[in-house]
Every structure is written in C-alpha cells, then in structure tokens.
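Take a look at the structure below.
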Amino acid sequence: MELRQLRHFVALAELRSFTAAAEREHIVQSGLSNSIRALERELDAELYARGTRPVRLTPAGAALIEPARRTLLAAQSAGEAVHDIQNVLTGRLRIGVVGSALHVVRVADQVAEFAAQHPAVDIHLTQAPVLDMLRMIGAGELDCAFVTAVPTATPHVRLTTLATEALVLLIRDDHRLADTGVVYLTDLADERFVDVGVDWSVRVTIDAALTAAGVVRQSHCEVNTWELFLELVLAGAGIGFVPAGLAQQAAARTPRLRITTIEDPGLQRHIQFAAPNPSDRTPATRHFIDQLRRDHPGISDLM
C-alpha cells in the first residue's frame, strides 16, 4: 500500500468526483482510476460504488477513510519533524476560524506573525460552522481552529478558552426598550426576535438562558449570517442577541441601532482554541500553539 494511493483515495472520497480529484492531485483521470484500482486489489475490496454520481463510498471505503487520513498526516508529520530538527519549519498549517471571533482574538495578527517567522509553511484559513470544524480537526482535515464554545465534546480534540464576551440585546432606536439601558429576560416574553441558527453556540446559550428564566418565545426571523441579522434588526423585523463587540461595531456604524444590557451575568459566550491531541499535532501546529501561548498563557491547559 503506497502513500500515493491513499492520497488519491482520500481526494476522491472528499471531492466525490474523479475529475476534481485528478485535478487536485495533478494527474490525469485514468492515472487516478488506476491508482485506486491497485489499492482495491491490494485490499481485496471495492472502495467506491461503481456507476454512481457523485462518487459514493462502499462500507469498506467508509472504513478506510479515517485511517487513510491519519496515515497521510503521520507521514507529513514525519517529514516536517526532520525539517524541524534542522530549524527549518515546513509543511502546512490549516486553521479554522469563526468569523465573529475576529474582533475578540487577534487571529490575523497571530497568522501574520507566524507567516513571517516560518515562511516555508503554507497557511490555509477556513471558515465553517463550529461543529464542522471540530469534526475536521478530529478527522485530520484541520490542524487547529478558533471557535465558540459548544456543549458537547469531540473525540481527539482538545479545547481551551481564550476569551469571554458578553451577549447584549441589539434593538432599533424607535423600539420601546431603546432607552432602557438594562432589561431582564422576563421583560422580553412578547417580543419578536431575529435569531441565528439553532446550531450556533450563541443561540444555544440564549435559548438555555430564556428557558431558565421561564420565557417562552418564538423566533420571528432566523438567519445564517451576522450581516443579515444586523440588517433585519435595523429594518425593524425584531430585536436580537449579539456578541458585545459585534454590537458595538454595528452601533458605531449605524446610529439607529441601540445596545441594551441584559441583567444576567451568565449570558456570555466563550472563544476557544481547538487542536488535536498532542500526539496528533504536526510540528507547525505545535509552533503555532507555542506562539499563541504568549498572548494567552492559559492555553497551556491544552497540552
């Protein structure tokens, strides 16, 4: 079994297209097909269902995908470790980022500093839902990520809190609560709400707080971006909870938006850094964690 064959198989499994996988691997499509057929002969198993579009893995193929990824990651780490000993860090660093955390944690500055210190490392940044990024770290598809806290643990992933941010209420200036300053959750029972998706960590925190306060309400509008959220609140579609830093930026740009504090000290979100278990980290990931620790000493809990 060759690393090249495993790499071709992983590309096909991820892209679900022979054409796209061949392009990513910089070979002709027939070469990719021959490589995967050779892997199937060696394993004495069919890895993908013939005649399906997009490509669908067989049970044998599904069983192989995670071990294949880990084998490729281990091979990459082995090569990087040799270069690391020679004080030349190479390879790649794949970082996941929750966009709404950028105003809380200096992600761009951290990446820029790392790039300047290690010019031979290719850096790839990805934005995706938190649960997807945690799954990608566990599967070896991401090296680390800046995420918001979620209530469930993810296998093979370590998390440490970098910062905490209050959640506030954002409303339009003609709303009845516009000049209140501070309100209680129980004051909001009859309000129309603009919300982010139910799988967002902010929404999970808000729903739990409202339930604990005995407030029963229905979401009037549900969105999947903060940009649309802000536009709807400004248009008067409803009021909504938002991270304090994001609310301050929006209110500074748009005078019609007002910020109201909620009398609930538990209504906050946690920005966390996620990385694989220490044994699964690449040299580039370890160096990035060491750099990050200078700004956030508590990240040592991750080790």
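Close amide H contacts of residue 118 (hydrogens built in the peptide plane, cut-off under 5 Å, sequence separation of 5 or more or a different chain): none are found.
Each label was represented as a point 7 Å from its Cα along the Cα-to-Cβ direction; for residue 42 and residue 17 these points are 2.8 nm apart. Proximity of backbone amide H atoms, modeled 1.01 Å from N, is registered between residue 239 and 192, 193, 194 at under 5 Å, excluding neighbours fewer than 5 places apart on the same chain.
Once both labels are positioned 7 Å from their Cα atoms along Cα-to-Cβ, the gap between residue 249 and residue 50 label points is 5.3 nm.
Sorting 184, 48 from the fewest to the most surrounding beta carbons within 10 angstrom yields 184, 48. Using the Cβ-Cβ distance between residue 186 and residue 153 with R0 set to 25 Å, the FRET efficiency from 1/(1 + (r/R0)^6) comes to roughly 0.15. Exposure proxy shown here: for 220, 8, the number of other Cβ atoms within 10 Å sets the order, fewest to most, as 220, 8.
Magnitude of the Cβ-charge dipole of the chain, K/R +1 and D/E -1, about the Cα centre, nearest 20 debye?
Details: 29 positive and 36 negative charges, 122 e Å.
Dipole size: approximately 580 debye.
Across region 222-235, computed HN-Hα scalar couplings (Karplus, 6.51 cos²θ - 1.76 cosθ + 1.60, θ = phi - 60°) run 10, 10, 10, 9, 5, 4, 5, 3, 5, 4, 5, 5, 5, 6 Hz from first to last residue, x flagging Gly and Pro. With a Förster radius of 45 Å applied to the C-beta separation of residue 295 and residue 216, the computed FRET efficiency comes to 0.60. Counting neighbouring Cβ atoms within 10 Å and putting the fewest first, the residues 33, 77 line up as 33, 77. Here's how it looks for residue 123: its modeled amide H is under 5 Å from those of 93, which are all 5 or more places away or on a different chain.
For region 163-269, the relative contact order works out to 50 percent when only alpha carbon pairs closer than 8 Å and six or more residues apart are counted.
Values quoted throughout were computed directly from the atomic coordinates according to the rules given, and no laboratory measurement underlies them. All of these numbers come straight from a predicted model, not from anything done at the bench. Glycine also receives a Cβ, built like all others from the backbone with ideal geometry; neighbour counts cover every protein chain displayed.
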